[in-house]
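Down below is the structure, laid out as structure tokens.
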Amino acid sequence: MTQPLLENRVAIVTGAGSGIGAASARRFAAEGAAVVAVDIRGSKAAETAAAIDDQGGHAMAIEADVSQAADVERMVAETVGELGGLDVLFSNAGTIRPGTAVELSVEDWDLVMAVNVRSVFLGGKYAVPAMLERGGGSIINTASISGLHGDGGAVVYAASKAAVINLTRAMATDHSGDGIRVNAICPGTIETPPVQRMVANPEVMRVNVEAHSLGRIGQPEEIAAAAVWLASDESSFVTGEHLVVDGGLRSRSPLGRLADPRPAHRRT
Ligand SMILES: NC(=O)c1ccc[n+]([C@@H]2O[C@H](COP(=O)([O-])OP(=O)(O)OC[C@H]3O[C@@H](n4cnc5c(N)ncnc54)[C@H](O)[C@@H]3O)[C@@H](O)[C@H]2O)c1
């Protein structure tokens, strides 16, 4: 009989109230982890934790804004206090604001950089000391294929996800001697609630389906499968990597195009 991949592990998943985070929290629990579902929407985190408990898993929920140092510090402290330690952190919560450099407000730039990038730094800042107490651990950060290309139409999103990829590499270098591996995942278009709202438009769905070599967009469970692998000892010789899980998306992300990346003065 195969062993569950995350037996006796304690795992935090941020953004666990929806989409990729919710699917990953469920999958981590199915693989034997005690899961801490974290979300800025506390009721959504609680829903995910309750669903895991209903399936016979072990989960708790924490409401936290991952862009805020005090919240991330509390998230780790409560996890260690309740569950005795921390082995896995999936820093997955993220947000997007459309806009070219001309269109985007300074406030939206700061918001997206805080939610997408500062959160990853804060995750490392507070999770690494807790993982050291256990002799090591695994940190996984959700980047995006938008961090690999100069997508149009969402400059701060593209910049933030590129930052996540290189922050991942830097953290991996710093903590490789501590038994802590740090990796990122770059999803293609994944059918989560924000994307579902976009692809409700048949033309938007068509562009996305055609952009992916596999001829479809991805499901949150397909990112969860990659996250479980990176969290587990199955990936014990992998660190500092960004794992592209994009169904063979070989051109730029279609998401930006859909938001009409042309500068305002070139739109008709
Ligand atoms: N869906 C895609 O196509 C896609 C593609 C590439 C990357 N991503 C990335 O995947 C991650 C998850 O996205 P998703 O598509 O599942 O979206 P989603 O909206 O379904 O889930 C994101 C969750 O994060 C939470 N959240 C937002 N800001 C937060 C904050 N400051 N603190 C704590 N929680 C916060 C939201 O409440 C939400 O429940 C994001 O980092 C996103 O950028 C998604």
Original post:
Which condition breaks for Gly153 when tested against (1) within 19 Å of the chain's Cα centre (by Cα); (2) buried (at least 17 other Cβ atoms within 10 Å of the Cβ)?
Top reply: (1)
**OP:** Please find, within region 197-229, the residue that is farthest from Ala23 (Cα to Cα) out of those that are in contact with an Asp or Glu (Cβ under 8 Å, 6 or more places away or on another chain) and part of a helix (DSSP H, G or I).
**Re:** Val199
**OP:** Kindly provide the set of residues from region 176-187 that are within 10 Å of the ligand (Cβ to nearest atom) and in contact with a His (Cβ under 6 Å, 6 or more places away or on another chain), ordered by number.
**Re:** Cys186
Original post:
So which helices (runs of 4 or more DSSP H) stay within region 3-92 end to end and still have 1 or more residues that are within 25 Å of His175 (Cα to Cα), of a type outside the set (A, V, I, L, M, F, W, C) and within 8 Å of the ligand (Cβ to nearest atom)?
Top reply: 19-30, 69-83
Subject >> In region 203-254, residue surrounded by the fewest Cβ atoms within 10 Å (Cβ to Cβ) [restricted to those that are small (Gly, Ala, Ser), within 13 Å of the ligand (Cβ to nearest atom) and closer than 23 Å to Val10 by Cα] >> reply: Ala226
**OP:** Tell me which residues, restricted to region 93-128, are away from the ligand (no atom under 16 Å from the Cβ), of a type in the set (A, V, I, L, M, F, W, C) and either touching a residue at least 60 places away in the same chain (Cβ under 8 Å) or crowded, with 22+ Cβ neighbours inside 10 Å (or both).
**Re:** Val102
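Where a number appears in this text, it was derived from the coordinates with a stated rule and is not lab data. For clarity, every value in this text was computed on a predicted model and none was experimentally measured. Cβ: placed from backbone, ideal geometry, glycine included. Neighbour counts: every protein chain shown.
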